[in-house]
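The values are calculated or read from the model by the stated rules, or taken from the named source; none is laboratory data. What you see is a predicted model, and the numbers here were worked out from it, not measured in a lab. With ideal geometry, Cβ positions are generated from the backbone for all residues, glycine too; neighbour counts draw on all protein chains shown.
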Amino acid sequence: MTPSASHTLPFQSPEDMKRIRRQLVREQRALSVRKFFRNKLSVVGLALVMLILACALFAPLITSLMGVDPYTATMSKRYTAPCAEHIFGTDHLGRDIFARVLYGAQISMTVGFTVGLLSALVGVTLGLYASTHKVLDNLLMRVCDGLKAIPNILLAITLMVMLGANMRNVIISLTVVSIPGVARIARSQALLAREQTYVEAMRALGARRERILWRHIAPNIISPVIVQMTFTFATAIISEASLSFLGAGIPSPAPSWGGMLNEARIYLYAGWWMVVFPAIFTALSVLGFNLFGDGLRDLLDPLSGQ
Amino acid sequence: MKKYVLKRLLSLLPTIFIVSVVIFLLVHLTPGDPAAAMLGEDATQADIAALHAKLGLDDPLLVQYGRWISNCLRGDFGMSTSVVGKPVLEMIVSHFQPTILLAVYSMLITMLIALPCGMIAARKRGTAADYTVSVVSMLGISLPSFLMGLGLVLLMAVWLRLLPASGYKNPFVDGFLPFLRYMTLPALSLGFIHAGYMMRMTKASMLEVLGSDYIKMARSKGVPERSITFKHAFRNAQLTVITVIGQGFISALAGAAVVERLFNIPGMGSLMVDSIEKRDYQVIQAITLLIAMLNVLINLVIDLIYGAADPRIRLE
C-alpha cells in the first residue's frame, strides 16, 4: 500500500482512523457494561426494573392466563385472604388484588416514563437556550427558584386540584414539578460546555447558535440528564402513589398502587394483604429505579457521589 | 458580616415575589371556574356572573394579584368556601400545632438515627457497617412515607398492639406521655425517609472532612480517634448537616399531609387534603403560600448560619 503524499504516517488513512475509532468506542462500551455489572446494587436495581416492566407489559397476558381481572367486583368474595384462586387475595369489593397490582404497574410505568421523558425534553430545551441568553437565563433561574420553594407534593396537589383528577393531569403536574431539576442540570452542563475551545472555534467559523447547541453541546450533556431521568422516574412513581393516596391522583376504579393503599387503609384490620402487596410492589419499583440510577451515575459520572 | 446579611435579606424579596406570582398564576390560569365550582351544578349563568362580579374575578389579573397580595400582607387570606364564612387564617392557625409538633418530633428522630449512622459509615468505610448504612439509606429514600406508616401500623398497632394506630393528643392538654404514644408512629414514618437522605449527606461530608490535612495532622499528633471523629471532623461536617436539617424540616412539613391522613391527625396536612376534596381554593392557596414562605425563610436562616460559621462564604 503506497501512502499518498497527503498523509504523514503510514496506516493512518481516513478509513483506518474510522475503524480504529469504532473499535475503541466498542471496547469502551464493553468496559462500561462490565463495570456496571460488577456493582451488585446496580444489578439488583436493573433486575427490579426489568421485573416491574415485565409486570406492566405482560399484565393482560398473565391475568387472562390466570383467569382474573382487575375490575370485576364480586361481593361474595370480599376480604378473601391469599389462596389458590386469588394469590394475593381480594379487596373490599371482591376484586382480585394480583390483577390490580399488575395493572397498577402499567399505570406507574406509564406515568414514570412519560414524566421522565417530557420533563427531560422540556428541561433540556430550556436549559440549553438559557445558557445562551443572559435575560432568559435570569428569568428561568428565578422561576425555577420560585417553583423549588414550593415543596413538590404541595405543588402537585395544587395543580391537580385545579386541573382535575385523571391520568393526563397527573402526568402534566408531575412534569411541571420535575422540569426545574432537569433544566438546572442541563443549564449548568451547557455553561461548562460553552467554555470549551471547540465551541469558540465554531462560533468563530460563523455557525448558527442552534447548530452549536443541538449538534454539539446537547450530546455532551446527555449523560447527567439521563441519570436525572431515572431519578425523576422514581420520584414520579412515589409522587403518583402519594397523590392517589391523598385522593388527588388517579381515581378508582383505576388500579393505581397509591389508590389501592388509600382504599385499603380503612380495612387494615380486615386484611393485611390489601396493603402489603401494593406496598411491596411500589417499594420495589422505586428502589429498583433508585439503585439503577445510582449505578448509572457511578458509571457515567464517576467524579460525583461518594 | 453585616453586608452579607443585608445582601441575603435583599435577595429574599425577588424570591418571595416570584413565589407568590407562581402560586397566584397556578390557581388563576388553570382551567376551571372557581365561581361555578362554588355555586354547584345547578347555578344559572346570571348567578355565576353575579358571583364573578362580587369576587372581583372580572378584573384584570394584575388587579386581582395586587388585591390578593395586599390582603395577604394584612393577614387576610380570604374566606373558606368549604366551611362557609370562616376566615382561612383562623382555620390554618387552629390546625397549626399538630403539624409543627409532628415535624419537630420527626426531625428529632431523623437526627437521632441519621447522624450517628452517617458518622459510623464514614469512619468504617468499606466494611459491613458501611454497606448496611448504604442499603438502609437507600430504603429510606425509596419508600414513600405512607408505606412506612402503613407498615408500622400493621406491625405495631394491628399485630403487636403496642402503639395506637390513629388519633392525636394535645401535649399541653392531655399530657406529654399520651402525646408521645400517639405521635411516635407518625413521626417515625415521616422521619425515617429523611433519615435516608441525612445519612448519605452526613457520610459524604464526613468523608470529605476526614480526608483533609488538618485531620491527618491531628492523627499524627496522637489525638484519639474518637476525639477526631466527634470533635474535629464533625464540627466542619456540621454545616452540610444543618442544610439537610433545614430542608428536611420543610420536607417534613410538606410530607406531613400524607402521614396526617394516614394517622388521622388534625393538622395542616389534613386541612390541605380536605380542601382538595372540597375544592376550597382559598385554603389551598394560603397553605401553599405559607409553606413556600417558610421554605424561603428557613433557607435564609441557613444561609446566615453558614455565613456566620464559615468566613470564606461571607467574604466572597
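Within the range B:93-111, identify whether any single residue is within 11 Å of B:Ala195 (Cβ to Cβ), touching a residue at least 40 places away in the same chain (Cβ under 8 Å) and touching a Ser or Thr at 6+ places or on another chain (Cβ under 7 Å), and answer yes or no.
no
Counting only residues that are over 18 Å from B:Gly255 (Cβ atoms) and not β-branched (Val, Ile, Thr), how many does the range A:227-285 have? Steps first, please.
If we filter the range A:227-285 for residues that are over 18 Å from B:Gly255 (Cβ atoms), which is where we start, we get A:227-230, A:232-233, A:250-256, A:259-260, A:263-264, A:266-278, A:280-281, A:284-285.
Then keep just the ones that are not β-branched (Val, Ile, Thr); that gives A:228-229, A:233, A:251-256, A:259-260, A:263-264, A:267-274, A:277-278, A:281, A:284-285.
Total satisfying the criteria: 26.
Quick one: would you say B:Leu271 is under 16 Å from A:Leu243 (Cα atoms), more than 10 Å from chain A (Cβ to nearest Cβ), in contact (Cβ under 8 Å) with a residue 24 or more places away in the chain and within 18 Å of the chain's Cα centre (by Cα)? Please lay out each step first, then the result.
Numbers: under 16 Å from A:Leu243 (Cα atoms): yes; more than 10 Å from chain A (Cβ to nearest Cβ): yes; in contact (Cβ under 8 Å) with a residue 24 or more places away in the chain: yes; within 18 Å of the chain's Cα centre (by Cα): yes.
So B:Leu271 passes the test.
Residues of the range A:113-140 being surrounded by fewer than 17 Cβ atoms within 10 Å (Cβ to Cβ) and within 14 Å of chain B (Cβ to nearest Cβ), which ones?
Listed by number, the residues that qualify are A:Asn138, A:Leu139.
Does any residue of the range A:216-223 turn out to be more than 28 Å from A:Val176 (Cα to Cα) and either touching a helix residue (DSSP H, G or I) at 6+ places or on another chain (Cβ under 9 Å) or in contact (Cβ under 8 Å) with a residue 12 or more places away in the chain (or both)? Before you say what the answer is, go through the steps one by one.
Just the residues of the range A:216-223 that are more than 28 Å from A:Val176 (Cα to Cα), to begin with: none.
No: the range A:216-223 contains no residue that is more than 28 Å from A:Val176 (Cα to Cα) and either touching a helix residue (DSSP H, G or I) at 6+ places or on another chain (Cβ under 9 Å) or in contact (Cβ under 8 Å) with a residue 12 or more places away in the chain (or both).
If B:Met148 passes every condition in (1) within 30 Å of A:Met274 (Cβ to Cβ); (2) modelled with pLDDT of 85 or more but one, which one does it miss?
(2)
Which pairs do you get when a residue that is farther than 30 Å from A:Leu296 by Cα, found in the range A:47-69, comes within reach of a residue that is modelled with pLDDT of 85 or more and in a helix (DSSP H, G or I), reach meaning Cβ atoms under 7 angstrom, with the pair 6+ apart or on two chains?
A:Ile62/A:Leu102; A:Thr63/A:Ala99; A:Thr63/A:Leu102; A:Val68/A:Phe98; A:Val68/A:Ala99; A:Asp69/A:Ala99
Which numbered condition in (1) surrounded by 15 or more Cβ atoms within 10 Å (Cβ to Cβ); (2) at pLDDT 80 or above is the only one that B:Ser80 fails?
(2)
Can you tell me which of B:Tyr131, B:Tyr105 is surrounded by fewer than 23 Cβ atoms within 10 Å (Cβ to Cβ) and within 12 Å of chain A (Cβ to nearest Cβ)?
Details: B:Tyr105 fails: within 12 Å of chain A (Cβ to nearest Cβ).
Criteria check complete, one pass: B:Tyr131.
Residues that are more than 14 Å from chain A (Cβ to nearest Cβ) and over 27 Å from B:Gly307 (Cβ atoms): find the helices (runs of 4 or more DSSP H) completely inside the range B:141-247 holding 3 or more of those.
B:171-174, B:176-210, B:213-221
Quick one: in the range A:234-283, of everything that is more than 30 Å from A:Ala120 (Cα to Cα), more than 7 Å from chain B (Cβ to nearest Cβ) and not in a helix (DSSP H, G or I), which residue is modelled with the lowest pLDDT?
Among them, the one singled out is A:Ala270.
Could you check how many residues of the range B:278-296 are charged (D, E, K, R) and within 8 Å of another protein chain (Cβ to nearest Cβ)?
Total satisfying the criteria: 1.
Which condition number in (1) small (Gly, Ala, Ser); (2) in a helix (DSSP H, G or I); (3) under 20 Å from A:Asp294 (Cβ atoms) is the one that B:Gly66 fails?
Evaluating B:Gly66 over (1) small (Gly, Ala, Ser); (2) in a helix (DSSP H, G or I); (3) under 20 Å from A:Asp294 (Cβ atoms) leaves (3) as the failure.
For residues that are surrounded by fewer than 17 Cβ atoms within 10 Å (Cβ to Cβ) and of a type in the set (Val, Ile, Thr), tally how many sit in the range B:137-191.
Result for the range B:137-191: 2.
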